[in-house]
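Throughout, read-outs are computed from the coordinates displayed, never taken from laboratory work. Keep in mind the model is a prediction, meaning the values are calculated, not measured. A quick note on method: Cβ atoms are made from the backbone with ideal geometry, for glycine too, and the neighbour counts reach across all protein chains shown.
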């Protein structure tokens, strides 16, 4: 069975590590704050003191960290993944990050005889726990095919999107679509409140029809319960939308809905809501 190094054991990563182990993989882990990973260490994940140790001697190294700067930190330099993973291994960055950075990682890895895939995910903490993530993969098709067992331990909708960076571009399309779906769900709830509808009955009714969406079925009911715990952090989504705006701007493409929703999320983040779940967008509507 493949030996896996896993870097970034946060809201998503912790469940992904558990699912890899349930499927029989030996998983070594590293994250900045060891105390946050004590539970998975107690369950059998092998703790490493740094990125170098986590990458050394592994067949596959997976990362899911926060921001592009974090990705650069774990992949490049003498103590990074690329310098320390063995030739012939596969590195898989599952962070949502810049497609340009994914291409840089691919090129640097290729020089060392290492396969690199960019494989961002969708499905939030629920999908990570259930092992039902959608996984969008860019890189060489042969490398993608060789890691089907690894991907299958974490997700159910595993799709090859094309060459290096194309997994990230697909994730950008996902985040663009998500913006409108979440905002429209918030607006439906605000409207229902204003006209005197029972909001739960309203959601029960429209979520099964043409207006239904993952955002409505999951985050809509969290909003009604006043539950703003993060399945996906506001500040991470702001990062994603900024990348999508940058990529669309590079191609002289106007995405007005994305830009409007980004402005609302930036407002929420500036008011201290960065560590809330994305369903907290409703607070911007309420404040207005």
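Brief remarks on what is shown
- With neighbours defined as other Cβ atoms within 10 Å of a residue's Cβ, the residues 115, 265 order from fewest to most as 115, 265.
- Theoretical ellipticity at 222 nm over the chain - DSSP helices of four or more residues, -39500 (n - 2.57) apiece, nearest 500: -14500 deg cm²/dmol
- Overall, the anisotropy analysis places region 3-163 in the rounded class: the square-rooted eigenvalues a ≥ b ≥ c of its C-alpha gyration tensor yield a/c less than 1.5.
- R0 of 41 Å, Cβ-Cβ distance residue 56-residue 248: FRET efficiency to nearest 0.05: 0.55
- Residue exposure sequence - 221, 237 - by fewest surrounding Cβ within 10 Å: 221, 237
- With Cα atoms, 0 to 90° folded angle of helix 256-268 axis to the chain main axis: 90 degrees
- Residue list for region 203-247, given a label point 7 angstrom along the Cα-to-Cβ vector of residue 76 and an amide N cut-off under 20 Å: 240, 243-244, 246-247
- Between helix 11-22 and the chain: long-axis angle, C-alpha atoms, 0 to 90°, nearest 10: 50 degrees
- Rounded to 10°, Cα long-axis angle of helix 166-195 versus longest principal axis of the chain: 20 degrees
- Rg(Cα) / (2.2 N^0.38 Å) computed for the chain, rounded to two decimals: 1.03
- Calculated FRET value between residue 187 and residue 132, using beta carbons and R₀ = 30 Å, to 0.05: 0.60
- In this simple spin-label model, placing a label point 7 Å from the Cα along the Cα-to-Cβ direction at both residue 148 and residue 49 gives a separation of 4.1 nm.
- Distance between the pseudo-spin-label points of residue 257 and residue 210 (7 Å out from Cα toward the beta carbon): 1.5 nm.
- As a proxy for reagent exposure, 18, 129, 251 were ordered by neighbouring Cβ count within 10 angstrom, fewest first; the result is 251, 129, 18.
- Theoretical FRET efficiency, 1/(1+(r/R0)^6), r = Cβ-Cβ of residue 34 and residue 112, R0 25 Å, to 0.05: 0.30
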